[in-house]
Each structure stands twice: as C-alpha cells, then as structure tokens.
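What follows is a set of notes on a single structure, which appears directly below.
The values are calculated or read from the model by the stated rules, or taken from the named source; none is laboratory data. Keep in mind that this is a model prediction, so the values were computed, not measured. Ideal geometry is used to build each Cβ from the backbone, glycine not excepted, and the neighbour counts take in all protein chains shown.
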C-alpha cells in the first residue's frame, strides 16, 4: 500500500455530500417552480377563455338592459335570461381559478390576474341585478303590441264617435241614420280595443291597463245612449231623443275628465310600470357596469 497517497478526511467527504444534496434540491425546487408557473399560466389562459365565453352572454344581457322596449326585445330578453346561469357559472369558475393561481404567476401576469378577478366580479354583480330587469323587459314587451293595437282601435272609435255626433246634430233623417251607422262602427272598434287591452293586461298587470278598459266601457255606455237617441229621433219621438241627447252630452263631458286622468298613452303606462319594477335594479346594474369598464380598461393598459 502506497504510504504517500493523500488521505481525504471524513469532514471533507461529508461536506461534498451535503453540497451535492443542496445542488440537487435546488435543481428540483427550480424545476417544480417552473412547473407551477407553467401550470398557473395554463390556468390563467383557461380562466381568460371562461371569461370570454361568459362575455358573449353578458353582452346579450347588456344589449337588452340598454335597449328600448320593443316586441322583439322581449324574445332577446327571454333568451338572455335562460343563458344567464351559464355565464354566472363560468364567471365563478374563472374567478376561483384566478384566485388560486395569482400567487404562482410572474409579477406582470399576477397583475393581469388581479384585473381579471375585478372584471369577473363586476360582471357577476351585473348579472346579479339583471334578472328583474330582464323579466320586466319580457312582460313589458309582451304587453306593448296588443296595447298599441288597442290604442289604434280607440283612436279610430273616437273619430267615428265624433263623426256620429256631427251627423246627429244636423237633425235630418239621413244624417241621423248615418249617425246610427257610425255609432255602431265606433262600438265595434271600442270592443276590439277592450279585447286587445285585456291581452296586454294579462301580460303586464302592473301597468294597470284596466284603467283604459274602464275608459272604453264609459264610451260604450255613452254610445248605447246615443244609439237610443238615434232610434228615438228616427221613430219620431223627438222629446225623448232630446232627453237622451242631453244625457249623451253629460256622459261625454265625464269621459273627457276620465281621459285626462289616464296616462298619455298605454305605452306611457307600460314605461311607468317598467320603471317601478326594474328601476332600482337598473341603477345597481349600471353601477356594476361602470366598475367593469374600469377593470377592463386596466386589462387593456396591462396588455400594452
């Protein structure tokens, strides 16, 4: 055995072993750190896709909320209301993903995650307030078309009624005969108006369109008296005709006052009822929408 061979002390051997372990551990930590970062970036992309998917529904909801009430908007509101829970699920899933990974992301992407969380939260708040607004749009839109049709019938009936009055006041057999015909036509148009108003009232009872029905019923009562006056005149019962004509004039004055107490149009009644149903929710919705706009602006800034 070579007595001159240098010896390595036990202390040196132990130091070399510890250094090797530390090096291996450091490499493993860096490897797992990279893995966690890559996994976090993958989940960030997944969360972004969920937000994009939800946003297609959020946009549909927003279009309804900001739109004017039309019959077509009612169908869009119904579709948006049906799709809304899907958007809520996607936004909640995206938010949960982002909250789990934000500490594992590089600093610049972590800021992006924070902005995405704010954006998701704002959208969730918008959708939280949306259901009563969508429902109000659905019922208001359903009432709008029959209410408009009813009001057209009323306008036509009132014109016929005025023509009948003009003809009666000529006090000839031919003119009173024409008055009788016009009163019958007016009566028919008023009845058609009642049918349409009842459809509108069934769709949106909060609009209290029965007030317009009551107005029409007063007109129908007046027309019934007017037709009796026509018949009495044509039968030669002039005194009876004059008495009935006076009753018509009194009833007509009452109807004018009744009309003054109504909303200007059925559409105005529908709009007022809509505001009562959806006004508070709409205000909260737009407050949340403003927060979403700010969060999205931050995302655009970070993307630059």
Based on what the data block shows, is residue 218 in contact (Cβ under 8 Å) with a residue 12 or more places away in the chain, out of contact with any strand residue (DSSP E or B) (no Cβ under 8 Å at 6 or more places or on another chain) and closer than 30 Å to residue 67 by Cα? no
Confirm whether residue 149 is within 30 Å of residue 137 (Cβ to Cβ), at pLDDT 95 or above and assigned to a helix (DSSP H, G or I). yes
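Please indicate, with yes or no, whether at least one residue in segment 170-181 is within 19 Å of residue 69 (Cα to Cα) and in contact with a helix residue (DSSP H, G or I) (Cβ under 6 Å, 6 or more places away or on another chain).
Residues of segment 170-181 within 19 Å of residue 69 (Cα to Cα): none.
The answer is no; no qualifying residue exists.
For (1) without any contact (Cβ under 8 Å) to a residue 24 or more places away in the chain; (2) surrounded by fewer than 20 Cβ atoms within 10 Å (Cβ to Cβ), each residue gets a yes or a no:
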| position | (1), (2) |
| --- | --- |
| 193 | no, no |
| 211 | no, yes |
| 214 | no, yes |
| 226 | no, no |
| 229 | no, no |
| 235 | yes, yes |
How many residues are more than 12 Å from residue 248 (Cα to Cα) and in a helix (DSSP H, G or I) when one looks only at segment 165-176? 6
For residue 239, state whether it is over 18 Å from residue 164 (Cα atoms), assigned to a helix (DSSP H, G or I), within 26 Å of the chain's Cα centre (by Cα) and modelled with pLDDT of 95 or more. no
Among the numbered criteria (1) farther than 20 Å from residue 73 by Cα; (2) assigned to a helix (DSSP H, G or I), which one does residue 139 miss? (1)
Check residue 32 against each of (1) closer than 22 Å to residue 98 by Cα; (2) at pLDDT 95 or above; (3) out of contact with any helix residue (DSSP H, G or I) (no Cβ under 8 Å at 6 or more places or on another chain) and name the one condition it does not meet. (2)
